[in-house]
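Data block below; observations after.
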Amino acid sequence: AVARLRDKLGNAGADVVRHPHHTRGVILALIGAACQAAGLMLSKAGMGHLDPSVPRVDPLAGTLVRAVFGVAALALVILALGKRMPRERNERIKDQRTKGLTFAFMGAVFGTYLGVWLSLVAADNLPVGVAQTLMSLTPVLILPVAAFALKERISVRAVIGAVVAVAGVALLFLEPSA
């Protein structure tokens, strides 16, 4: 089916320049997705869903625990790599770094705090597979942002992929007709 679709679309993505570290990026993305899935399952277990003898923990408290241990792990990575990180002395680069840190802060609030907290709320209220599938709609939700805010050209393949993703999620919620 994928090959047939690729043949019908022809060279829809032929003008896309492949990044030199494309394969590495794909592998790391898959590892990241597996870590996200494992983290959600472990968080759901930590909130007391798998063992009835364990008291239930609020998703906000679960988010705090994840954040504290995430900061600790990140601190260890920074300490390990700290001597290899370049230190720029140029004022222009410092200005760019400040702007970058502002966006990183906003990303932390929306992604790391709100995203993680709401994902735990979703996992607390839904089967973990359904919650994770809904949270996997990020690429679909980012297409309008990429098109309008970042002025990126959205390919036909991206739109078709978004439609397939939404249709797949819809299948999870359809009531079986019996």
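Any read-out appearing in this document is the output of simple, stated calculations on the displayed coordinates, not a laboratory observation. Everything numeric in this text was worked out from a predicted model, so none of it was measured. Positions of Cβ are generated from backbone atoms using ideal geometry, with glycine treated the same way; all protein chains shown enter the neighbour counts.
A few notes on this one:
- Sparsely packed chymotrypsin sites (Phe, Trp or Tyr not before Pro) within region 96-130, loop by DSSP, other Cβ within 10 Å at most 10: none
- Placing one equal scatterer on every Cα of region 20-89 and applying the Debye formula, the log10 ratio I(q)/I(0) at q = 0.13, 0.25 Å⁻¹ is -0.60, -1.09.
- Cut-off 12 Å between beta-carbons: net charge of the residues surrounding Ser119, Lys and Arg +1, Asp and Glu -1: +1
- Multiplying the residue separation of Ala73 and Leu134 by 0.36 nm and removing their Cα-Cα distance gives an extension gain of 19.2 nm.
- Using the Karplus relation 6.51 cos²θ - 1.76 cosθ + 1.60 with θ = phi - 60°, the per-residue 3J(HN,Hα) values for region 147-164 come to 6, 8, 7, 9, 6, 7, 7, 8, 7, 4, 4, 5, 5, 5, x, 5, 5, 4 Hz, with x marking Gly and Pro.
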